[in-house]
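Worksheet: the structure to be examined is printed underneath.
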Amino acid sequence: MSGHYFKNNPALKHAYQSYTIELNGHQYRFLTDAGVFSKTYLDFGTRSLLDVLEIDDQAQTFLDLGCGYGPIGIYVKKNHPNLEVYSSDVNDRAVLLAQKNATENQVVLTTIVSDGFNHLKNTFDVITLNPPIRAGKEVIFRLYDESFEHLTIGGKLWIVIQKKQGAESTVKHLTNLFGNCMVVDKNKGYYILVSKKN
């Protein structure tokens with residue numbers, strides 16, 4: 001039985017493992033499992049995003065959309081303890097791991113099982129997304145559109161995407177949607193993008 005990380009497959013056999021990593025002076029330990037994205041180590045795209053992610057002091061709410069086992073939300077909460085952090089994923093197993101990893105890394109955040117925004121009713125000052133490329137362009141662009149709807153005025157959407165997996169079409173879509181899209185960084189084929197809702 002295949003285990004696509006962007007789908008919910010509770011029947012998939014468990015294969016727990018863990019790793020530790022240092023980010024920005026903090027040590028983190030992450031528990032992972034079969035059926036979640038990048039289960040052996042923090043993927044290069046996420047690491048590249050975290051290296052340049054900036055969160056304004058006035059931001060109050062943060063969402064990691066498609067959180068996997070939780071590294072982005074946990075990192076953000078550790079470094080911005082006053083921020084209200086949400087981590088969501090369509091995958092039950094991923095969300096359970098994100099909650100366990102939050103406890104393991106001594107942060108408190110809200111984890112939600114949600115397909116896009118179907119169980120997320122509030123708005124956010126910052127949203128991060130590492131799009132599930134294999135889910136297809138239609139799904140990914142829907143996530144961009146829904147993110148726009150759920151951002152506060154002045155809120156920002158941060159995205160990490162590989163050039164070969166559609167970075168240029170993403171830039172075009174976000175520019176049409178937001179009226180702006182800045183390429184913050186390029187790192188070994190990964191683009192870090194940010195769009196602001198004006």
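Please treat every number below as a calculation from the coordinates, not as lab data. Since this is a predicted model, take the numbers as computed values, not measurements. So basically every Cβ, Gly included, is an ideal-geometry build from the backbone, and we count neighbours across all protein chains shown.
Would you work out the charge dipole size for the chain about its Cα centre, treating the Cβ of every Lys and Arg as +1 and the Cβ of every Asp and Glu as -1, and quote it to the nearest 20 debye?
Values: 21 positive and 20 negative charges, 114 e Å.
Approximately 540 debye in magnitude.
Under a Cβ-Cβ cut-off of 9 Å, what is the net charge of the residues other than residue 15 that fall near it, where Lys and Arg count +1 and Asp and Glu count -1? Let's see the in-between values first.
Details: positive: 13, 39; negative: 33.
Around residue 15, the charge tally is +1.
Straight distance only, please: which lysines reach the Cα of residue 163 with their own Cα at less than 27 Å, same-chain residues fewer than 8 apart left out?
By straight Cα distance, residue 163 reaches 7, 39, 137, 172, 186, 188, 196, 197.
Rank by packing, highest mean first: peptides 34-43, 177-186, 124-133, 15-24, with packing defined as the count of other Cβ atoms within 10 Å averaged across residues. Could the numbers behind the result be given before it?
Values: 34-43: 17.9, 177-186: 15.0, 124-133: 22.9, 15-24: 11.5.
Most protected by this proxy first, the peptides run 124-133, 34-43, 177-186, 15-24.
With the dipole of the range 1-137 worked out from charges on the C-beta (+1 for Lys and Arg, -1 for Asp and Glu) around the Cα centre, which of 132, 45, 58 lies farthest toward the positive end?
132
Which value in nm describes the separation of the simple spin-label points at residue 163 and residue 55, placed 7 Å from the Cα toward the beta carbon?
Computed distance between label sites residue 163 and residue 55 equals 3.1 nm.
What is the extension gain from residue 153 to residue 134, computed as 0.36 nm multiplied by their sequence separation minus the C-alpha to C-alpha distance, in nm to one decimal? Provide the component values of the computation, followed by the final result.
Numbers: separation 19, 0.36 × 19 = 6.84 nm, distance 3.05 nm.
Separation in residues times 0.36 nm, less the Cα-Cα distance, equals 3.8 nm.
Report the gain in length on full extension from residue 146 to residue 119: 0.36 nm times residue separation, minus Cα-Cα distance, nm rounded to one decimal. Provide the component values of the computation, followed by the final result.
On the way: separation 27, 0.36 × 27 = 9.72 nm, distance 1.20 nm.
Between residue 146 and residue 119, full extension yields 8.5 nm more.
Taking the highest mean first, how do the peptides 25-32, 98-105 order by number of other beta carbon atoms within 10 angstrom per residue?
In descending order of packing, they fall as 98-105, 25-32.
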